[in-house]
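Everything on this sheet refers to the single structure shown next.
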Amino acid sequence: MAKNYDHKKIEAKWQREWEKAEIYKTKEDKDKKKCYVLDMFPYPSGEGLHVGHPKGYIATDVYSRFKKMSGFNILHPMGWDAFGLPAEQYAIKNKIHPRVAVEKNVARFKEQLSIIGLNYDWEREINTTDTKYYKWTQWIFLKLLEKGLAYESYEPINWCPSCQTGLANEDLDGSACERCGTTVEKKPMRQWVLRITDYADRLLEDLDVLDWPDSIKELQRNWIGRSEGALIKFKVKSQKSKVTNDEFEVFTTRPDTLFGATYCVMAPEHALLDEWKDSIENWDDIEEYREEMKKKTEIERTAEGKEKTGVRLAGVTAINPANQEELPVFIADYVLAQYGTGAIMAVPAHDTRDYEFAKKFGLPIREVISPRPLASYLSTSSEGETERGCVKKASAENSPHPDLPSKEREEDGRTKIQCPYIGDGALINSGTFSGMSSPEAKKAVTEFVGGEMKTTYKLREWVFSRQRYWGEPIPIVHCERCGAVPVPEKDLPVKLPDVDSYEPSGTGESPLANIHDWVNVKCPKCRGEAKRETNTMPQWAGSSWYYLRYIDPRNQNELVSKEKEKYWSSVDMYVGGAEHATRHLIYARFWHKFLFDIGAVNYDEPFAKLQSVGLIMAEDGRKMSKRWGNVINPDDIVETYGADTLRMYEMFMGPFDQSSAWSTESIIGPRRFLEKIWRIFSKVKSKKEKEKSTTENEKLEILFNQTIKRVSENIEDFKFNTAVSGMMIFLNELEKEENIERGMFEGFLKLLTPFAPHIAEELWHEAGNDTFIYNEPWPKHDDAKIIEDMMTIAVQVNGKLRATFEIEGDASEEEVKRKALEQKEMTKWVGENIPKKVIYVKNKLVSIVV
RNA sequence: GCCCGGGUGGUGUAAUUGGUAGCCACGAGGGACUUAAAAUCCCUUGCCCUCAUACGGCGUGCCGGUUCAAGUCCGGCCCCGGGCACCA
């Protein structure tokens, strides 16, 4: 055996051997339990991997090796999410076909991954740009269309003038294009849209059953943004034309404040405005305001601290259905056309935005909610407990409101009020509803005015078309007679044709529009002249179902064999970045639920368990990027320290889901750990001695069992840093032995295998084994051997640690307490005093109070 | 502004979920081996007081509370990171 640990030789050798023996090939033994471990597949960019990318892949590798050795059939595949703008832009810049660029980048990525020694089953490799793959992406689109979940829309959408394409709400970073940072415009254009909001409720509710980090679930909840409210109709009165049967509808989450409405506001884009044109006396002003708004960017409209603007509709009033009061109506851009009904009732006393607007325009502010239930100062029950909720109106109506802090009141000429109080409370000044609590009043008031309860969402429909080349063609043919006709399933895939230039046409059309041979086709329905849809799908399409393809990667007859899917689904462990919370992870859940509904899959959630990876930052604390010149390349680390050291270090850096900075200094720690294992091997007893060797060192035996338990539990919990630390602690003890028992050392090698498979394999063979350690069973700890004979008891006096002592593990409470009081330190701290209290915490400490 | 995380030695972090704060690792200091260096091995390493590794005191962002006992629970703040943002 070589004297020094030569990682290069060892790693190359075993990677070769493993490949030859095909040990990572997925087994389909249906009698065994399965474990599907999945990474978010990468986008193969031209830059290659930096040292941060493999962190998640190493974790799934550790986890799946552990599961495999624990007796599971594992599925741990890898593939490429290769459609999308970066590849296209790379192609434009370098004047090569995106397909060629992707091939090149994939080869580079694969090489970088392979030297890390990951246990992927490459026979199941997939690529979203493969025609055999995207045939099924197109198939899913056709199914969505068939079920009415895909439709053409002409609504204004987000348009990135730099990327020359429409974008979904999810693709924005604030109001800028997430890719290039350009501020997006609203542009009306024809586009394909998916009705994701039909699934909003299920996407929200089913989060409860998922074993995902709470933070990710919360991000999705906020993104879906469900709010319960009411739709209430307001009749419109016009001075000029006397038309009184017009009405408009508002959405509010606070119908309980209806009596406090002092005006109404409609979004400038509201469609009813045009219908009312003749009734509105200052139509010119209205048009002017609307023009102004159109010119403004989203940023300008929503800038922080921006003063509210708006114009009153002269000659038009709304009737408050609760008290028949006539209210002025405004248009203002603080009301969004896309949300709710695009119109609101304004209650300045109880809404911050309405309050600001009312202050600026000198509108009345009427308080209708008292912060605390009135009962708190009007009456208390016999127990002295506050009676919550309902209070009789007679007493409430005339009460002053001592709950409002007087210093915060201000004069506005009409009402004295606190800055808007937006919480729940008791109704006041609300006719027969005064005294009722807010939650009760919500339903009651809504019913009273004939409104209906309604749920709305912030989630918008998924804008699904892109005016770019490098994506899946949307399988539609436009026929003048038949309209948008789906391409028949048998004609799938609609292959992306080659073009001379991948640049967008600049007209808002995809470059595909210029490929006449491809565009002009016969209508599948009437055989007449027709044109293909030239928009392509967004980058997120292929990744919305790829995890199903790994289960059955070469199937050309159906999306996935239901039998295979039944066995392998759902993904048991999904690992990736938290940045995908509101895009990929929502889109994939949406598609999966749809596929479940049409009977294509057996389960209705794709990813049962999710773990997020924390980023690895550069040493300077910034993100690793070519731009900052702070990128660390995994190839260099593998070359200098070895793949095993890289793997160990990335797992040891800190909590897995936390981001941490790469440290050139610290990586030496894990390397030294591996070298120490290498050196220690010379002290391992030879095979002959194995039989007669019994456990000579009981303490070590206990530590070994504790280590097995700890490492197993930590891997299961994704606490790799403490698993590594546990192995280090064990090794530090093992090192002190003159002779190391072979069985124990081999057990330790098994614990090491998921983290450092190459060195573990080498030493396993050096020890005289001819199997692969990957195929060995995971060690089990012995419960009887993790309890120590002696325990250390801490003694506290008045909460301060004053002594510790050792005692037999089975000592009784009495014995422990007595021995605690006998400690010599106690003469000083307890002395002649008689302890008031002596508390014994089993196996831990004695706390004495004097 | 709202919603999530997080704040512990010089650094990355650990702490059986209320029970001896600082495990493991890096760095630093000292020593051994060596002609020398690297590597390796041994010792020290939260802060203050101290000749002391004696006796003590302080200490987990800040202030207060609950408890025999708080890094951990409760209330109020201050910073840092992420997400959302005129969503009625």
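The values are calculated or read from the model by the stated rules, or taken from the named source; none is laboratory data. Everything numeric in this text was worked out from a predicted model, so none of it was measured. In this analysis, Cβ positions are derived from the backbone assuming ideal geometry, glycine residues included, and neighbour counts consider all displayed protein chains. To get the accessible areas, we keep the full protein, side chains included, count just its heavy atoms, and leave off ligands, DNA and RNA. Shrake-Rupley method; radii C 1.70, N 1.55, O 1.52, S 1.80 Å.
Size of region A:489-581 from its Cα atoms: along the principal axes, largest to smallest, the extents are 47, 35, 20 Å.
Computed about the Cα centre, the dipole magnitude for chain A is approximately 700 debye when only Lys and Arg (+1) and Asp and Glu (-1) carry charge, each at its Cβ.
Hey, with R₀ at 60 Å, roughly what FRET efficiency would A:Glu489 and A:Asp636 work out to, going by the Cβ-Cβ distance, to 0.05?
On the way: r = 49 Å, r/R0 = 0.82.
Using R0 = 60 Å, I get an efficiency of 0.75.
Indicate the gyration tensor shape class of region A:13-153 (rounded, prolate or oblate), computed on the Cα atoms with a ≥ b ≥ c the square roots of the eigenvalues: a/c under 1.5 is rounded; otherwise a/b larger than b/c is prolate and the rest oblate. Oblate is the answer for region A:13-153, as a/c is 1.5 or above yet b/c matches or exceeds a/b. Pairwise inverse Cα distances across region A:639-750, averaged and inverted, put the Kirkwood hydrodynamic radius at 15.1 Å. Structural descriptor for region A:765-820: relative contact order 24 percent, calculated from alpha carbon pairs under 8 angstrom and at least 6 residues apart.
Please report, in debye to the nearest 20, how large the charge dipole of region A:250-325 is about its Cα centre when each Lys and Arg carries +1 at its beta carbon and each Asp and Glu carries -1 there. Intermediate results must be reported in sequence, preceding the final value.
Numbers: 10 positive and 17 negative charges, 63 e Å.
Here region A:250-325 has a charge dipole of around 300 debye.
With 29 Å as the limit on Cα-Cα distance, the pairs of A:Lys68/A:Lys719; A:Lys55/A:Lys609; A:Lys3/A:Lys27; A:Lys55/A:Lys562; A:Lys110/A:Lys132; A:Lys104/A:Lys187 that go past it are A:Lys3/A:Lys27; A:Lys55/A:Lys562; A:Lys104/A:Lys187.
Taken along the Cα-to-beta-carbon direction at a fixed 7 Å, the label points for A:Asn732 and A:Lys9 span 3.1 nm.
Which residues does the label zone of A:Arg99 cover in region A:120-164, counting backbone N under 20 Å from a point 7 Å along Cα→Cβ? Residues A:125-139 fall inside that zone. The gain in end-to-end length when the A:Asn245 to A:Asp770 segment is fully stretched comes to 180.1 nm, 0.36 nm per residue minus the alpha carbon separation.
Charged neighbours of A:Glu170, selected by a Cβ distance under 12 Å, balance to -2 (K, R count +1; D, E count -1).
In terms of solvent-accessible area of protein heavy atoms at a 1.4 angstrom probe, what is the ranking of A:Lys828, A:Lys3, highest value first?
Values: A:Lys828 155, A:Lys3 180 Å².
Per-residue accessible area, sorted high to low, gives A:Lys3, A:Lys828.
Between helix A:668-680 and chain A there is an angle of about 30 degrees, using the helix long axis and the longest principal axis of the Cα atoms.
Between 0 and 90 degrees, the angle of helix A:813-822 with respect to the longest Cα principal axis of chain A falls at about 80 degrees. Where the alpha-carbon atoms of region A:419-566 are placed on the principal axes, they occupy 73, 45, 35 Å, in descending order.
Take A:Arg549: with every protein chain present and a 1.4 Å probe, its accessible area is about 10 Å². Report, for chain A, the % of DSSP beta bridges that are antiparallel, rounded to 5. Looking only at bridges with both residues in chain A, the antiparallel portion is about 75 percent. Counting only protein heavy atoms and using a 1.4 Å probe, what share of the accessible area of chain A belongs to carbon plus sulfur, as a whole percent? So the carbon and sulfur contribution to the accessible surface is 48 percent. Each stretch of four or more DSSP H residues adds -39500 (n - 2.57); spread over every residue of chain A, this sum gives -9500 deg cm²/dmol at 222 nm. The three principal axes of the C-alpha atoms in region A:245-341 carry coordinate ranges of 38, 31, 21 Å, sorted with the longest axis first.
Taking Cβ atoms as reference points and 11 Å as the exclusive limit, the residues near A:Trp80 contribute a net charge of -3, counting Lys and Arg as +1 and Asp and Glu as -1. Listed by chain and number, the aspartates and glutamates whose C-alpha is less than 13 Å from the C-alpha of A:Lys750, apart from same-chain residues fewer than 8 away, are A:Glu761, A:Glu762, A:Glu776. Computed on protein heavy atoms with a 1.4 Å probe, the accessible areas place A:His765, A:His76 in the order A:His765, A:His76, largest first. Counting only alpha carbon atoms, the long axis of helix A:643-652 and the longest principal axis of chain A meet at about 60°. Take A:Lys9: with every protein chain present and a 1.4 Å probe, its accessible area is about 140 Å².
Neighbours of A:Lys68 by Cβ distance under 13 Å: Lys/Arg scored +1, Asp/Glu scored -1, total +3. Listed by chain and number, the lysines whose C-alpha is less than 23 Å from the C-alpha of A:Lys842, apart from same-chain residues fewer than 8 away, are A:Lys699, A:Lys709, A:Lys785, A:Lys800, A:Lys817, A:Lys819, A:Lys824.
Quick one: grab the alpha carbon gyration tensor of chain A, order the square roots of its eigenvalues as a ≥ b ≥ c, and give me rounded if a/c is under 1.5, else prolate or oblate depending on whether a/b is larger than b/c. Taking the square roots of the gyration eigenvalues as a ≥ b ≥ c, chain A is oblate. Label-to-label distance, A:Thr455 versus A:Glu275, with points set 7 angstrom from Cα along the beta-carbon direction: 2.8 nm.
Over region A:71-156, with a single point scatterer placed on each C-alpha, what log10 of the ratio I(q)/I(0) does the Debye formula yield at q = 0.14, 0.17 1/Å? Taken in order of the listed q values, log10 I(q)/I(0) reads -0.72, -0.90.
Only protein heavy atoms count here; under a 1.4 Å probe, A:Asp278 has an accessible surface of about 120 Å². Using alpha-carbon pairs under 8 Å, 6+ residues apart, how would you state the relative contact order of chain A in percent? That works out to 14 percent. Relative contact order of region A:701-776: 22 percent, from C-alpha pairs under 8 Å at least 6 residues apart in sequence.
Each of A:Trp764, A:Val795, A:Pro777 was scored by the projection of its Cα onto the charge dipole of region A:698-797, and the greatest displacement toward the positive side belongs to A:Val795; charges sit on the C-beta of Lys, Arg, Asp and Glu. When A:Leu336, A:Leu75 are compared by accessible area of protein heavy atoms, the largest-first order is A:Leu336, A:Leu75, using a 1.4 Å probe.
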